[in-house]
1. Name the shape class, rounded, prolate or oblate, that the alpha-carbon gyration tensor gives for the stretch 104-194, where a ≥ b ≥ c are the square roots of its eigenvalues, rounded holds for a/c under 1.5, and otherwise prolate holds if a/b is larger than b/c and oblate otherwise.
2. Testing the spin-label approximation: label points 7 Å from Cα along Cα→Cβ at residue 141 and residue 124. State their distance in nm.
3. With a cut-off of 19 Å, note down the residues of the stretch 117-144 whose backbone N falls inside the zone around a label point 7 Å from the Cα of residue 99 toward its beta carbon.
4. Quickly work out the residue 14-to-residue 30 label distance, labels modelled 7 Å from Cα along the C-beta direction, and quote it in nm with one decimal.
5. Rounded to the nearest 0.05, what FRET efficiency do residue 151 and residue 185 give with R0 = 25 Å and r taken as the Cβ-Cβ distance? Could you check?
6. Is the shape of the stretch 3-178 rounded, prolate or oblate, going by the alpha carbon gyration tensor and its root eigenvalues a ≥ b ≥ c, with a/c under 1.5 for rounded and a/b larger than b/c for prolate?
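Any read-out appearing in this document is the output of simple, stated calculations on the displayed coordinates, not a laboratory observation. Predicted model, so just to flag it, every value in this text is computed and none were measured. Note that each Cβ is placed from the backbone with ideal geometry, even for glycine, and that neighbours are counted across all protein chains shown.
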């Protein structure tokens with residue numbers, strides 16, 4: 001499979017409801033060939049609004065998945081390296097949990113191993129960081145007085161060139177970080193604070 005076919009496989013990924021995928025600008029100097037997709041959580045769908053569902057907050061959650069390919073690379077011909085980034089707004093209690101970075105990393109390994117949904121994908125050389133932060137705004141600056149976020153940065157090498165499963169697994173990780181209910185589970189509407 002060629003680089004072009006690997007890119008096409010990323011666009012063909014079967015994503016769960018509530019996650020949208022678009023092509024975004026890829027970094028140009030990291031590898032001879034690169035491609036990037038952006039994934040975003042659609043917090044409340046029109047059907048959920050009609051049912052009165054409020055959701056678990058109006059925070060942002062998005063991710064980027066970048067494909068880097070160097071046909072003459074030291075790691076072997078045909079290697080496809082994926083670089084992932086997720087950022088999600090969270091509440092103070094969740095960000096303050098000392099286990100959050102470990103749990104978020106486990107979501108990533110579970111997603112790649114096929115334990116969140118769908119089959120696992122072939123990968124090697126997984127590494128990265130998970131950071132939970134609280135930002136406090138002072139003075140004349142816009143935005144909420146306090147903001148709490150989780151950031152995940154990771155990279156791994158795909159052992160094959162069909163990357164649709166990698167994109168689908170990454171979307172499941174994004175959904176977990178964003179607090180979406182598991183695929184196939186309906187969220188109960190919030191009505192009148194009951």
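1. Working: a/c = 3.31, a/b = 1.43, b/c = 2.32.
It comes out oblate by the Cα gyration axes.
2. In this crude spin-label approximation the distance works out to 4.4 nm.
3. Only 130-133 fall inside the zone, counting backbone N under 19 Å.
4. 2.8
5. In this case the efficiency is close to 0.45.
6. Prolate.
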